[in-house]
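Here the structure is laid out as structure tokens; the discussion comes afterwards.
The values are calculated or read from the model by the stated rules, or taken from the named source; none is laboratory data. All of these numbers come straight from a predicted model, not from anything done at the bench. Cβ sites come from the backbone with ideal geometry, for glycine too, and all protein chains shown count toward neighbours. Side chains are part of the model used for accessible areas, which takes the heavy atoms of the whole protein and leaves out ligands, DNA and RNA. Shrake-Rupley method; radii C 1.70, N 1.55, O 1.52, S 1.80 Å.
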Amino acid sequence: MLTINLIREQPSFVIERLKIKNLDATETVKHVLELDQRRRELQAESDSIQAELNSLSREIGAMMKQGKKDEADAARQGIGAMKEKQKQLADTLEEVTARMQEELVKLPNLPHQLVAPGTSADDNVVVRSGGVKPELYAGAVAHWDLIKRYDIIDFELGIKITGAGFPVYKGKGARLQRALVNFFLNEGEKAGYREIEPPIVVNEDSGFGTGQLPDKEGQMYHVGIDNLYLIPTAEVPITNIYRDVILDADDLPVRNMGYTPCFRREAGSWGAHVRGLNRLHQFDKVEIVQIAHPDRSYEALEEMVAHVESLLVKLELPYRIVRLCGGDMSFTSAMTYDFEVWSAAQQRWLEVSSTSNFEAFQANRLKCRFREKGARQTTLCHTLNGSALALPRIVAALLENNQTPDGIMIPPVLVPYTGFDVIS
RNA sequence: GGAGAAAUGGCAGAGUGGUCGAUUGCGGCGGUCUUGAAAACCGUUGUCCGGGCGACUGGACCGGGGGUUCGAAUCCCUCUUUCUCCGCCA
């Protein structure tokens, strides 16, 4: 959520920036400003009547103490009408504030100056790439065939137990999952992240805090009986740790990470291109989250990007890093880098991480603030997060890229974690 | 799941209808003293929304929501959470 102050002070800047995200915000901004104006007028009026009521009450109190009951009764005359009027103003104020909030929530975050305009993934900018695309042998196949051949991941079994998109990992497949999670967490710890094991169901307030609710309700599994949501990413619980929190400037940046399963309904987005591990309803992911000082949040973003990149280098996967264009960025992001790995059998780039700076957009919803040493005022923090990393597509690429006629070779860095160096 | 008790500022803990945004202690911050530190002493110390260039000033907030009243931290209703006892249980 953008702050009302920004919109009030620089409405044309807001409109200009949002054009990068292909949005004409003119009407919404205008509407917000009108409601803001109205809101402030109403509050001024409501407050002044309330002030009068308060002072009358104090006077009546004083009279009662002195035993001047008649005077007190006289003072009570006319209070009813004032209360009525005040109530009406307060109700209208509440309504106008709610409407302003509704409008405000419709506006996406402003993209950073470096973000290119564009309408689709074709306009994204490749900022860096690394690794070598492997030459596969003649009989090489896609991962959905490999997992059957070696009996390591079982989609049919998942369908029987739960439904499509909930695979069962078996034997070395399960062990590979555990190895990757441990590898990612250990690397994260070395990079200064504190490990968190959060709840994987969250309440409505948390869903709102990180921006999943109210709009993206349909993308989360909902436990109706308790009104809780299964998390789509660890970002939700880990960032919400800082909801309604005022940090000291010295505490920044805060670096947290967590491994969780992630649940996504992905309603209506299935097709041939999402075969196998490419898209799932449940998957594992290690997420890194930073809460940063606004002056240093882009340093934090670069630091996170470097960390994610180092993971891909160590896994010896060919990758590229793209900076998303305005049209391809999420609603809440000010700048996003996507990491893609080359899937040799599918001959496609697969997105394995999305690392973003949300600036104050999420913090404004969360009310996550900090105080400069000695300062009286609080300032909104900047929040950032990134996958480091999401497992399924990493697994897909590892299986496909490292396949040989004799089995699938495990990258050396993972062998201490898996305890085996080949799946055969 | 059953029965009972409770929820107050960073923490502890007063306050049961009238200047209570809230006594006090601890902690924090500033100062005096000291070569420095501690101790002692003095002062200060919540958040949000308005108005004003500013000094300053109005309003709201005592778990959440609603109600009674001229006036609510205090009374009533409701929800949530915590604690104690019983039951069940990885």
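In table form, for the structure just shown:
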quantity: Selection status of A:Gly139, in contact (Cβ under 8 Å) with a residue 60 or more places away in the chain, open to solvent by 30 Å² or more (accessible area, probe 1.4 Å) and in a loop (DSSP other than H, G, I, E, B); calculated: yes
quantity: Flag for A:Leu324 being within 19 Å of A:Pro411 (Cβ to Cβ) and in contact with a Ser or Thr (Cβ under 9 Å, 6 or more places away or on another chain); calculated: no
quantity: Verdict on A:Phe155 being more than 28 Å from the chain's Cα centre (by Cα) and either open to solvent by 40 Å² or more (accessible area, probe 1.4 Å) or of a type outside the set (Ser, Thr, Tyr) (or both); calculated: yes
quantity: Residues being within 11 Å of RNA strand B (Cβ to nearest atom) and loosely packed, with under 13 Cβ neighbours inside 10 Å - total across segment A:1-40; calculated: 1
quantity: Some residue of segment A:369-391 being farther than 30 Å from A:Asn124 by Cα, among the acidic types (Asp, Glu), over 23 Å from the mean Cα position of the chain (by Cα) and within 16 Å of RNA strand B (Cβ to nearest atom); calculated: yes
quantity: Boolean, A:Val141 is over 31 Å from the mean Cα position of the chain (by Cα) and of a type outside the set (S, T, N, Q); calculated: yes
quantity: Test: residue in segment A:53-61 that is of a type in the set (Ser, Thr, Tyr), within 9 Å of RNA strand B (Cβ to nearest atom), in a helix (DSSP H, G or I) and not assigned by TED's automatic domain parsing to the domain that holds A:Ser330; calculated: yes
quantity: Hits in segment A:162-193 (condition: among the hydroxyl-bearing types (Ser, Thr, Tyr) and buried (at least 17 other Cβ atoms within 10 Å of the Cβ)); calculated: A:Tyr169, A:Tyr193
quantity: Any hit, segment A:180-192, residues being among the aromatic types (Phe, Trp, Tyr), more than 16 Å from the chain's Cα centre (by Cα) and in a loop (DSSP other than H, G, I, E, B); calculated: no
quantity: A:Ser46 being open to solvent by less than 70 Å² (accessible area, probe 1.4 Å), in a helix (DSSP H, G or I) and of a type in the set (Gly, Ala, Ser); calculated: yes
quantity: Selection within segment A:98-112 - open to solvent by less than 50 Å² (accessible area, probe 1.4 Å) and either more than 16 Å from RNA strand B (Cβ to nearest atom) or touching a helix residue (DSSP H, G or I) at 6+ places or on another chain (Cβ under 8 Å) (or both); calculated: A:Met100, A:Glu103, A:Leu104, A:Leu107, A:Pro108, A:Asn109, A:Leu110, A:Pro111, A:His112
quantity: Verdict on A:Asp295 being in the same structural domain as A:Val415 (by TED's automatic domain parsing), in contact with a helix residue (DSSP H, G or I) (Cβ under 7 Å, 6 or more places away or on another chain) and open to solvent by 30 Å² or more (accessible area, probe 1.4 Å); calculated: no
quantity: Filtered residues of segment A:249-259 (kept if touching a strand residue (DSSP E or B) at 6+ places or on another chain (Cβ under 6 Å) and either open to solvent by 50 Å² or more (accessible area, probe 1.4 Å) or of a type in the set (Val, Ile, Thr) (or both)); calculated: A:Pro253, A:Val254, A:Arg255, A:Tyr259
quantity: Strands (runs of 3 or more DSSP E) lying entirely in segment A:367-424 (those with 1 or more residues that are open to solvent by less than 10 Å² (accessible area, probe 1.4 Å)); calculated: A:368-371, A:382-390, A:407-409
quantity: Single residue of A:Met1, A:Met100 found to be modelled with pLDDT of 90 or more, under 26 Å from the mean Cα position of the chain (by Cα) and under 28 Å from A:Asp123 (Cα atoms); calculated: A:Met1
quantity: The lone exception for A:Lys133 - which of (1) open to solvent by 70 Å² or more (accessible area, probe 1.4 Å); (2) outside any loop (DSSP other than H, G, I, E, B); (3) closer than 22 Å to A:Leu391 by Cα it fails; calculated: (2)
quantity: Boolean, A:Ala345 is in a loop (DSSP other than H, G, I, E, B) and away from RNA strand B (no atom under 16 Å from the Cβ); calculated: yes
quantity: Residue within segment A:71-92 that is within 11 Å of RNA strand B (Cβ to nearest atom) and outside any helix (DSSP H, G or I) present; calculated: yes
quantity: First in segment A:58-77 and open to solvent by less than 50 Å² (accessible area, probe 1.4 Å), second anywhere and in a loop (DSSP other than H, G, I, E, B), Cβ under 9 Å, 6 or more apart; calculated: A:Ala62/A:Lys68
